[in-house]
Amino acid sequence: GAGVSQSPSNKVTEKGKDVELRCDPISGHTALYWYRQSLGQGLEFLIYFQGNSAPDKSGLPSDRFSAERTGGSVSTLTIQRTQQEDSAVYLCASSLASGGAGANVLTFGAGSRLTVL
Amino acid sequence: AQKVTQAQTEISVVEKEDVTLDCVYETRDTTYYLFWYKQPPSGELVFLIRRNSFDEQNEISGRYSWNFQKSTSSFNFTITASQVVDSAVYFCALSEAEQGAQKLVFGQGTRLTINP
């Protein structure tokens, strides 16, 4: 697509429920990233994918968080047994992985705002 | 380890003033990229610039300019003749340029308010 698409744009859930957040990257972008932005805070790295593999998942806060990417395209971030501290905007970005002026220039989606009650 | 520090949490100036946003970074690599992103009130991050560690030339784009100094590990951003539309949170970021995709490490951001 023309840009990075994320869904849902807003999600309100109850503590303890599981949630899935979806990211559809720009067509042809082999790298995909997930970041988290808590209210008024900076961007916290969670995980990135190169193709379908995740060379760096060091930012996932706990084993309740997982992500997968299939077909080198769409990615899903899953949070199990949500807690109130998981409330944040989850941002997805994609980029060309290597070479050229576009390498490592991340294009961000609009984010998925998660509220855990 | 990579680290980016934006010491200015908030800046407020009157329209038409010049303003400089500071960014200091830490990396053990000799090859890396530096970035600036803008996050307007709408929330979507907008890419402004990418700078390669081997290119210390300053860059100017309209009212925006960037000063990269490896000697002080700084990559500062100046807006000349600021406008209300420049109000946003600005993030500086660092990426180590190994082969393939690498994560960006962001600073905490500087909230810039331009008052009419």
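Counting only DSSP beta bridges whose two residues both lie in the protein assembly as shown, roughly 85 percent are antiparallel.
When Rg and the Kirkwood radius Rh are both evaluated on Cα atoms of chain A, their ratio Rg/Rh stands at 0.96. Using a simple spin-label model with pseudo-atoms 7 Å out from Cα toward Cβ, B:ASP18 and B:THR72 lie 1.4 nm apart.
Modelled spin labels at A:SER38 and A:SER87, positioned 7 Å past Cα toward Cβ, are 1.2 nm from each other.
Averaging 1/r across all pairs of distinct Cα atoms in the protein assembly as shown and inverting the result yields a Kirkwood radius of 18.3 Å.
The mean count of C-beta atoms from other chains within 10 Å of the C-beta of residues in A:22-35, rounded to a whole number, is 1.
Comparing mean-square fluctuations of A:GLN41, A:GLN50, A:GLN84 from a GNM of chain A with C-alpha springs under 10 Å, the top value falls on A:GLN41.
P(r) tail, chain B: Cα-Cα pairs separated by more than 24 Å, 22% of all pairs.
With just the Cα atoms defining each centre, how far is segment B:33-98 from segment A:6-46? Give it in Å. So the separation of the two Cα centres works out to 24 Å. Could you grab the relative contact order for chain A? Cα pairs under 8 Å, six or more apart, rounded to a whole percent. Contact order relative to length: 35 percent.
Can you figure out the FRET efficiency of A:THR76 with B:GLU44, using R₀ = 25 Å and their beta-carbon distance, to the nearest 0.05?
Details: r = 21 Å, r/R0 = 0.83.
Calculated transfer efficiency: 0.75.
Within a straight-line Cα-Cα reach of under 28 Å, B:LYS16 can be paired with the following lysines, leaving aside sequence neighbours fewer than 8 residues apart in one chain: B:LYS38.
Round to the nearest 0.05 the FRET efficiency obtained for B:THR30 and A:LEU117 when R0 = 45 Å and r is the Cβ-Cβ distance.
0.40
Considering every residue in B:102-110, what mean count of other chain Cβ atoms within 10 Å of its Cβ is obtained? Please list the in-between numbers first.
Values: counts 11, 14, 10, 5, 6, 2, 4, 5, 0.
The per-residue average across the peptide is 6.
Counting Lys +1, Arg +1, Asp -1, Glu -1, what net charge surrounds B:ASP86 among other residues with beta carbon under 13 Å of its beta carbon? Present the calculation step by step, with values, prior to reporting the outcome.
Details: positive: B:LYS16, B:LYS38, B:ARG63, B:ARG111; negative: B:GLU15, B:GLU17, B:ASP18.
Computed value for this residue: +1.
Every read-out reported here was derived from the displayed coordinates using simple, explicitly stated rules and does not represent laboratory data. The model shown is predicted, which means the values in this text are computed figures rather than measured ones. Neighbour counts are summed over all protein chains in view; Cβ atoms, including those assigned to glycine, are modelled from backbone coordinates with ideal geometry.
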